[in-house]
1. Quick check: with the 1.4 Å probe, what order do F23, F70, F131 take by accessible area, largest first?
2. Taking Cα pairs under 8 Å and at least six residues apart, what relative contact order does the chain come out at, in percent?
3. Report, to two decimal places, the Cα Rg of the stretch 95-140 normalised by 2.2 N^0.38 Å (N = number of residues).
4. Place +1 on the Cβ of every Lys and Arg and -1 on the Cβ of every Asp and Glu in the chain, take the dipole about the Cα centre, and give the residue among T109, H61, M202 whose Cα lies farthest towards its positive end.
5. Under 21 Å from the Cα of K146, which lysines turn up, not counting those fewer than eight places away in the same chain?
6. Please go through the stretch 28-79 and write out the trypsin sites (Lys or Arg not before Pro) that DSSP classes as loop and that have at most 15 other C-beta atoms within 10 Å.
7. For the chain, what is the mean residue ellipticity at 222 nm derived from helices alone (per DSSP H run of n ≥ 4: -39500 (n - 2.57); sum divided by total residues; nearest 500 deg cm²/dmol)?
8. Can you give me the angle between helix 2-13 and the longest principal axis of the chain, using Cα atoms only, in degrees from 0 to 90, rounded to the nearest 10?
Amino acid sequence: MPAIILFIVFAGFTRTLFARPVFNPAPIPPYLYVHGIMLTTWFVWALVQSLLISAGKVANHRKLGTIGAFFAAAVVIAALMASFGSVSRRPFDLDAPASIMGTGLSGITVAQFRSSVVWGNIVNAASFALFVACAVILRKRPQVHKRLMILASISIVEPALARISRWPMMGGEQGPLIPTVVWSLIAAVAIHELVTRKRLAMSTVLSIVWLFIVRNGAQYIADSKLGLSLIYALR
């Protein structure tokens, strides 16, 4: 699972981050490089941690885990920094149709699209922080710990999927790609647990319910006056 998630991240950000000299995209501010490096490091760290456990190197896993627990806080800050900066970074008229952004969007304004992205990322960062915190607290329960850590990474993979959705034939950010992949990854965690343990742990059930509520709740907030007011404030 960490390998699949890392592959999605590399696929999504190859053009805009990992292979910029090849694709020559528009310039980005320095803080986005920091953001990209921090989140990529997290996903690589998660893969390394899983490989250490597979190799039976539990002591090394625990030592590296201490570093990761503190690094997770930086990941949250970097994620929110990029989200809040996205509104002013590309100063489109917020009341204009989102189609002017050139990403295949239709039927909504720029403000509505920005609100959906920003509030979605806020909820994703909160879910990430919650799952990592619970995983650290429950680190002596390996089965629960590892599922929470996987769900933490799934929580923040959506920006990479958003880039992939813009590829030809992928349907755009309003298409089914993003929710389909995210919920498929979540379902894979649940299915693996059912196959290997014959039941779902309460922590897994609660995590899935949490994600269902907050992900849908984020869109409700984004469409509200309160949600849109944040976007105008960030302009």
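1. F70, F23, F131
2. 23 percent
3. The stretch 95-140 yields a ratio of 1.76.
4. Final value for the positive-end residue is H61.
5. Counting by Cα, and skipping residues close in sequence, K146 has these lysines nearby: K57, K63, K198.
6. Taking the stretch 28-79 and a limit of 15 other Cβ atoms within 10 Å, the loop trypsin sites (Lys or Arg not before Pro) found are K57.
7. -25500 deg cm²/dmol
8. Rounded to the nearest ten degrees, it is 20.
The values are calculated or read from the model by the stated rules, or taken from the named source; none is laboratory data. All of these numbers come straight from a predicted model, not from anything done at the bench. All Cβ positions, even for glycine, are placed from backbone atoms using ideal geometry, and neighbour counts span all protein chains on display. Please note that ligands, DNA and RNA were not included when accessible areas were found on the heavy atoms of the full protein model with its side chains. Shrake-Rupley method; radii C 1.70, N 1.55, O 1.52, S 1.80 Å.
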